[in-house]
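Just below is one structure, and these are the notes that go with it.
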Amino acid sequence: MPDSTPQRTLRIAMNGVTGRMGYRQHLVRSILPIRDGGGLLLPDGTRVQVEPILVGRNAAKLAELAEQHGIAEWSTDAAAVIADPSIDIYFDAQVTSRRAESLAAAMKAGKHVFTEKPTAETLTEAVELATVAADAGVTAGVVHDKLYLPGLVKLRRLVEEGFFGRILSLRGEFGYWVFEGDGQPAQRPSWNYRAEDGGGIVVDMFCHWNYVLEALLGKVGAVTAKAATHIPTRWDEQGEPYPATADDAAYGIFEMENGVIAQINSSWAVRVYRDELVEFQIDGTHGSAVAGLRTCVAQHRSHTPKPVWNPDLPVTEPFRDQWLEVPANADLDNGFKLQWEEFLTDVVRGRPHRYGMLSAARGVQLAELGLRSSAEGRRMEIPEVTL
């Protein structure tokens, strides 16, 4: 008996899939599992299939990936792909300096867009993209992957359930040691450490911290930051030394509009002594919780010990053992794939994605003001971003 399930296929141009994030998270762990799993089944019974078209500058690499993953089409001509009327969605994971122009062209051509962040190098460009999206009437989504991670899902649930009482503060630690590239290959591409190519940890991570803070605590009202380039010389993919012109560490204090204080350290020049590469701790009058990428532990005030400061005696309190694991209560899929599925659903339904271009613009704004704070040595208030 023939399948009567309503079907729809979305053709997705994926630009930047030869890079680390574009390939691993978006192609291999998101789009291909949706394709190979028979598509995305919507609540009304519609099945949405995806058809990736690989786009980039390295023809040999694109051909290799297409052959490896059974993808029929690839192209080094991004402009032609964007102009192709059969393309439904344009996805961008290029380096930041090339992103804004491509996104604007795709939206003006009537394509829905899904993109990595930051969406642009300046707030002006980022707001212009939000304006183009609104004028074009397309569905525009920006990757907010950390909100879909199991640890952050659990942490946000505690916030929404009022576990913390009155929230006082958030403390975040992110980073790891990225090898310089001389003795061992670096784990990140060399452009990340060149400001002229859009690199730098403030530009890279403050856009993440903006949406994480918005989701957990509310809007950021002011920022005080110090950016640093701790490793001044690194070695590129060809083994050649180059000056690191972008910051590789940032130390930020974020004042929320509701009075909560957040402090987040970000560094590619730190060795890890914590359970995960990123951890967030929220403290409140009724309880505290610590979340990483996957795990989350909490301590209610009724179970809070009463430490006494005494430097003359060894510590006997088993502090880590006094926290309880927060259960997931559900099987949580890859965060990138989950957001792709939400975005594809919004495209089919013809509605805005909840994390759009204006949200991305606020992230660019926070990075821009964070760099200004560092350069000028002062606290920066954050004005409202509007079209």
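The values are calculated or read from the model by the stated rules, or taken from the named source; none is laboratory data. Computed from a prediction, not measured in an experiment: that's the story for all the values here. Counting neighbours? That spans all protein chains shown, and the Cβs are built from the backbone with ideal geometry, glycine included. Protein only, heavy atoms only, side chains kept; ligands, DNA and RNA dropped before computing areas. Shrake-Rupley method; radii C 1.70, N 1.55, O 1.52, S 1.80 Å.
Mind listing just one residue for me: the one in region 348-361 that is in contact with a strand residue (DSSP E or B) (Cβ under 9 Å, 6 or more places away or on another chain) and open to solvent by 50 Å² or more (accessible area, probe 1.4 Å) and, of those, nearest to Ala222 (Cα to Cα)?
Only one residue fits best here, namely Arg354.
Can you tell me which residues in region 247-295 are under 25 Å from Asp182 (Cβ atoms) and open to solvent by 40 Å² or more (accessible area, probe 1.4 Å)? Walk me through it before giving the result.
Step one: list which residues in region 247-295 are under 25 Å from Asp182 (Cβ atoms), which gives 247-250, 266-273, 277.
Residues satisfying the conditions are Val270, Arg271, Val272, Tyr273, Leu277.
If we scan region 218-235, do we find a residue that is closer than 17 Å to Asp145 by Cβ and modelled with pLDDT of 95 or more?
Pass one, region 218-235, residues closer than 17 Å to Asp145 by Cβ: none.
No, region 218-235 contains no residue that is closer than 17 Å to Asp145 by Cβ and modelled with pLDDT of 95 or more.
Please verify whether Thr245 is modelled with pLDDT of 95 or more, farther than 16 Å from Leu371 by Cα and either of a type in the set (Val, Ile, Thr) or out of contact with any strand residue (DSSP E or B) (no Cβ under 7 Å at 6 or more places or on another chain) (or both), treating the condition exactly as stated.
Spelling it out, it is not the case that Thr245 is modelled with pLDDT of 95 or more, farther than 16 Å from Leu371 by Cα and either of a type in the set (Val, Ile, Thr) or out of contact with any strand residue (DSSP E or B) (no Cβ under 7 Å at 6 or more places or on another chain) (or both).
Counting residues that are touching a residue at least 60 places away in the same chain (Cβ under 8 Å), which helices (runs of 4 or more DSSP H) fully inside region 1-107 reach at least 3?
Helices (runs of 4 or more DSSP H) meeting the threshold: 78-83.
Are any residues in region 303-345 in contact with a Leu (Cβ under 7 Å, 6 or more places away or on another chain) and of a type in the set (S, T, N, Q), and if so, which ones?
Within region 303-345, just Thr345 meets the criteria.
Looking only at region 158-191, count how many residues are open to solvent by 10 Å² or more (accessible area, probe 1.4 Å) and under 30 Å from Ile261 (Cα atoms).
Qualifying residue count for the region: 16.
Report those strands (runs of 3 or more DSSP E) wholly inside region 250-328 carrying at least 3 residues which are more than 29 Å from Ala186 (Cβ to Cβ).
Qualifying strands (runs of 3 or more DSSP E): 278-284, 287-291, 296-300.
Could you look through region 308-337, keep only residues that are of a type in the set (Gly, Ala, Ser) and touching a residue at least 24 places away in the same chain (Cβ under 8 Å), and pick out the one that is nearest to Glu116 (Cα to Cα)?
Here is the first cut: in region 308-337, the residues of a type in the set (Gly, Ala, Ser) are 328, 330, 335.
Now drop any that are not touching a residue at least 24 places away in the same chain (Cβ under 8 Å), which leaves 328, 335.
Details: Ala328: 27, Gly335: 14 Å.
Looking at the filtered set, the residue picked out is Gly335.
Quick check on region 323-334. Is at least one of its residues among the aromatic types (Phe, Trp, Tyr), open to solvent by less than 70 Å² (accessible area, probe 1.4 Å) and under 24 Å from the mean Cα position of the chain (by Cα)?
No, every residue in region 323-334 fails to be among the aromatic types (Phe, Trp, Tyr), open to solvent by less than 70 Å² (accessible area, probe 1.4 Å) and under 24 Å from the mean Cα position of the chain (by Cα).
Give just the number: which of (1) surrounded by 13 or more Cβ atoms within 10 Å (Cβ to Cβ); (2) at pLDDT 95 or above; (3) of a type in the set (D, E, K, R) does Glu381 not satisfy?
Of everything listed in (1) surrounded by 13 or more Cβ atoms within 10 Å (Cβ to Cβ); (2) at pLDDT 95 or above; (3) of a type in the set (D, E, K, R), Glu381 misses just condition (1).
Considering only residues of region 192-220 that are more than 18 Å from the chain's Cα centre (by Cα) and open to solvent by 10 Å² or more (accessible area, probe 1.4 Å), which is farthest from Val278 (Cα to Cα)?
So, considering only residues that are more than 18 Å from the chain's Cα centre (by Cα) and open to solvent by 10 Å² or more (accessible area, probe 1.4 Å), the one farthest from Val278 (Cα to Cα) is Glu196.
Looking for something closer than 21 Å to Arg157 by Cα and in the same structural domain as Phe179 (by the TED database) - is there at least one such residue anywhere in region 236-256?
yes
Looking only at region 226-246, count every residue that is open to solvent by 20 Å² or more (accessible area, probe 1.4 Å), part of a loop (DSSP other than H, G, I, E, B) and in contact with a Phe, Trp or Tyr (Cβ under 9 Å, 6 or more places away or on another chain) and tell me the total.
Result for region 226-246: 5.
Would it be correct to say that Glu125 is surrounded by 18 or more Cβ atoms within 10 Å (Cβ to Cβ), acidic (Asp, Glu) and not assigned by the TED database to the domain that holds Tyr273?
yes
Among Asp84, Asp92, Asp77, Asp135, which is under 23 Å from the mean Cα position of the chain (by Cα), among the acidic types (Asp, Glu) and assigned by the TED database to the domain that holds Gly16?
Asp92
Condition check: among the acidic types (Asp, Glu) and surrounded by fewer than 19 Cβ atoms within 10 Å (Cβ to Cβ). Does Asp135 satisfy that?
Against the criterion (among the acidic types (Asp, Glu) and surrounded by fewer than 19 Cβ atoms within 10 Å (Cβ to Cβ)), Asp135 qualifies.
If a residue must be within 24 Å of Glu368 (Cα to Cα) and either open to solvent by less than 10 Å² (accessible area, probe 1.4 Å) or at pLDDT 95 or above (or both), how many such residues does region 106-117 contain?
Residues flagged as within 24 Å of Glu368 (Cα to Cα) and either open to solvent by less than 10 Å² (accessible area, probe 1.4 Å) or at pLDDT 95 or above (or both) within region 106-117 amount to 4.
Taking region 362-378, which residues are in contact with a Leu (Cβ under 7 Å, 6 or more places away or on another chain) and open to solvent by less than 60 Å² (accessible area, probe 1.4 Å)?
Within region 362-378, Val364, Gln365 meet the criteria.
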